[in-house]
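Enquirer: Have a look at this one.
The values are calculated or read from the model by the stated rules, or taken from the named source; none is laboratory data. All values derive from a computational prediction rather than experimental measurement. Cβ placement follows ideal geometry from the backbone for every residue including glycine, while neighbour counts extend to all protein chains displayed. Side chains are part of the model used for accessible areas, which takes the heavy atoms of the whole protein and leaves out ligands, DNA and RNA. Shrake-Rupley method; radii C 1.70, N 1.55, O 1.52, S 1.80 Å.
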Amino acid sequence: MTDSPNDGLVARPARVDATYESLLAPSTIPPAGSGEAGGRTVQLWSLLPRDLARILRPGVVDLAEEVLEEIQRVVPDYARPLEGEFGNTITSGVQQAILEFVDRLGDPSAARSDRSQVFHRLGQHEMHQGRSLDVLQTAYRVGARVAWRRMAEVAAAAGVPVSTLCLLAEAMFAYIDELSALSVEGQAAAQERAAGTLERRRRMLLDVVLDQSAPSAQALAAQAAAARWPVPEQVVAIALAPRSDDEWPTPLLGDEVLMDLEGNAPCLVLPSPEPGSRGRIERDLRGLRAAVGPRVPLSETARSLHWARHALELARSGALPDASLTWCEDHLADLWLLQDPLLARELMTRTLAPMRPLTEKQRERLSDTLLAWLESRGNVRMVARKLAVHPQTVRSRVQELDSLFGSDLDDPQQRFELLLALRAQRAMRGAEGSGSPLGVAR
């Protein structure tokens, strides 16, 4: 097949490496003669004759209608009346796409207003409709097929040579790639804004939940709905140890968590964990040092966070076992006992006074024995196993304790206070051993 005489409209070098530049920005056509040896690289649009715009422009309106009809026939998601925002968005997108293409053919170097927003909006529209861009990109391909078929017919009838039609086809599909890229950008920007808005709403909701003068249940439910957070009956607060760097491992607790990782006292709030979910939470918080507060009604979230932070401080000081994740429910007695170290020390001083004349080593040895003896209800063999000593050694120490405390060891109230004092002493000994003496809890 030979080209028509009009093929002279396009100058063709021996080999052309045709590239294209965005149709939605002014052209920057390189000077003639630039490029690699053996060929030259030129902008694709500089190879297309300006007369193509004059030939194609009269059919733009009819072409837009034909493209719309075909898209609605082929793409099920668009097969509905072109009304309201949906109709305006799709109709405007098709018309602008065709007009921009033809205008660019007419003058690729002309500066023009930014028309990319319509294609950004198409990507945003798909995001708001809850769809991926696959549907829109299918519509772009359908539209390109219809547009190319109709433009090729019109151009061929006007005597446009085959070589120019080939370049026109390349320009058409390069243009569709450009529109798809713009819609991807629009969808990504919309997703980023939506995520930022949702994050702000959830941060505001967390502040409300932690405010002890929280609004009514109805107002709280409205804020939770805006933040897409199902309101649970019970929650736990998780206190996180502050970090000196900004590289927070992101907790993997999912959409159910409210979080503040920006403040000086970072924390999380999530629905009360189901039985058996400890392992999952520990995995999700891997890399973080944290304490999980007691489960409470949503209105008492601040109290759960208070105890979580207290537990975190006690674990840091050594009063509670050193662990990356501390569960308050495992240490309720110690948390209650150590909430006021001043009173705990007063109890220790008064209750353990009979051991005051002993040396520090003797006091420590007999204190450990008495605590184990009280916790095991006087079972000598259990005490021996716990302390890793011979049962006879336990009996000998119990005799010493009996001589020190006398009838107090048989009095239920005195035994209870002794148990509390010894538990407090053990916790405080751990704190002092770590060099972090306890202060009064607030």
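Enquirer: Can you sort Leu343, Leu285, Leu198 by solvent-accessible area, 1.4 Å probe, largest first?
Expert: Ranked from most to least accessible, the order is Leu343, Leu198, Leu285.
Enquirer: Let me ask something additional. Using protein chains only and a probe of 1.4 angstrom, how many square angstrom of Glu83 are accessible, to the nearest 10?
Expert: Roughly 130 Å² of Glu83 is accessible to a 1.4 Å probe.
Enquirer: Might you tell me the accessible area per residue for the range 260-351, computed with a 1.4 Å probe and given in Å²?
Expert: Heavy-atom SASA per residue in the range 260-351 reads 49 Å².
Enquirer: Keeping the other protein chains in place, figure out the carbon and sulfur percent of the accessible area of the range 307-442, with a 1.4 Å probe. Display every interim value, and only then the final one.
Expert: Working: 3900 of 7680 Å².
Percent of accessible area from carbon and sulfur atoms in the range 307-442: 51.
Enquirer: While we're looking at this one, here's another question. Quick one: if you stick a label point 7 Å off each Cα along the C-beta vector at Ser163 and Arg50, how many nm between them?
Expert: Inter-label distance under the simple model: 2.1 nm.
Enquirer: Does the range 54-123 come out rounded, prolate or oblate by the C-alpha gyration tensor, with a ≥ b ≥ c the root eigenvalues, rounded set by a/c under 1.5 and, if not, prolate when a/b is larger than b/c and oblate if not?
Expert: Oblate shape, in that a/c is at least 1.5 and b/c is the bigger or equal ratio.
Enquirer: Right, something else. How much net charge surrounds Ser376 when only other residues with a Cβ under 12 Å from its Cβ are counted (Lys, Arg +1; Asp, Glu -1)?
Expert: On the way: positive: Arg377, Arg381, Arg385, Lys386; negative: Glu375.
That works out to +3.
Enquirer: Same structure, new question: What is the sum of charges, Lys and Arg at +1 and Asp and Glu at -1, for the other residues whose Cβ falls under 10 Å from the Cβ of Ala53? Please list the in-between numbers first.
Expert: Working: positive: Arg50, Arg54, Arg57, Arg104; negative: Asp51, Asp103, Asp107.
Cβ neighbours under 10 Å give a net charge of +1.
Enquirer: Hey, another quick one. Hey, rough spin-label estimate for Val74 and Phe416, points 7 angstrom out along Cα→Cβ, what's it come to in nanometres?
Expert: 8.3
Enquirer: Glu360 to Asn264: FRET efficiency via 1/(1 + (r/R0)^6), r the Cβ-Cβ distance, R0 45 Å, to the nearest 0.05?
Expert: 0.70
Enquirer: Could you please report the charge total around Pro232, scoring K, R as +1 and D, E as -1 over all other residues with beta-carbon less than 15 angstrom from its beta-carbon?
Expert: -2
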